Structure formats: C-alpha cells, structure tokens
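The values are calculated or read from the model by the stated rules, or taken from the named source; none is laboratory data. Just so it is clear, the model here is predicted, and its values are computed rather than measured. So basically every Cβ, Gly included, is an ideal-geometry build from the backbone, and we count neighbours across all protein chains shown.
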Amino acid sequence: MAKTQVNQSDVNIQAGKHEQTAQDVDTVLTRLKGDVDNVLAASKSDATKALRSVTDQWVEDVRKTVLDNLNGMARAMRKEVNDQIQQSSDNTQSILNVPMPTANFLS
C-alpha cells in the first residue's frame, strides 16, 4: 500500500505559488482596467460609458471569483497541513500515554 506523507514546507511553497498567481492576476487586471480607461477617455459616448461599465464589472467579478478562490485555496492548504500535523502529534502523544504494560505488549 502506498504511503502518503505531507511535507509542510512543500505545501507552504505551493500555497505561496497560489498567492503569487493571485497577485499576478490582480496586477494584470489593474493594468487592463487602466488601459481601457485610457482608450475610452477620449470618448464620452454612451457606447463608451457602457463599455467602461462592462469592463469594470468584469474586472471586479474576476477579482471576486478567481482571486478569492486562489487565496482561499492557499489558506485551506495551509490549514489542512497544519491540522494533519497537529493530529499526528496528538496521536503520537496518545500512544505515548498508553500505560507501560500495554506499551510493552505493543512494542
């Protein structure tokens, strides 16, 4: 049977990659919004206002969905690895607390 081992350092590195990706996406969205605003600044037409509104809404929707999920995954990964490490520690302590005659039998 395969044994799965969780390496806290590896999980933290991967969680950091999720957070870095979220920051990169946020930077691109901010730049995109600025570029659209610059292009549309010269026009005051209703079509331009609608395009700006749609772009603003899309950028905010992407931020809420993609960035929240990436950051949420990073938090969940860290929490899960910490919970698993704590559970392992608790289980080890429980085994060490077994009365000596039983402990000798198990060894």
### Task
Kindly indicate whether any position in region 24-45 is assigned to a helix (DSSP H, G or I), at pLDDT below 95 and small (G, A, S).
yes
### Query
Here are Q86, Q57: which of them is exposed (fewer than 15 other Cβ atoms within 10 Å of the Cβ) and modelled with pLDDT under 90?
Q86
### Task
State the number of residues belonging to region 1-49 that are charged (D, E, K, R), surrounded by 11 or more Cβ atoms within 10 Å (Cβ to Cβ), within 22 Å of R63 (Cα to Cα) and without any contact (Cβ under 8 Å) to a residue 12 or more places away in the chain.
4
### Message
Among the residues of region 77-84, are any polar (S, T, N, Q) and farther than 21 Å from T21 by Cα?
### Response
yes
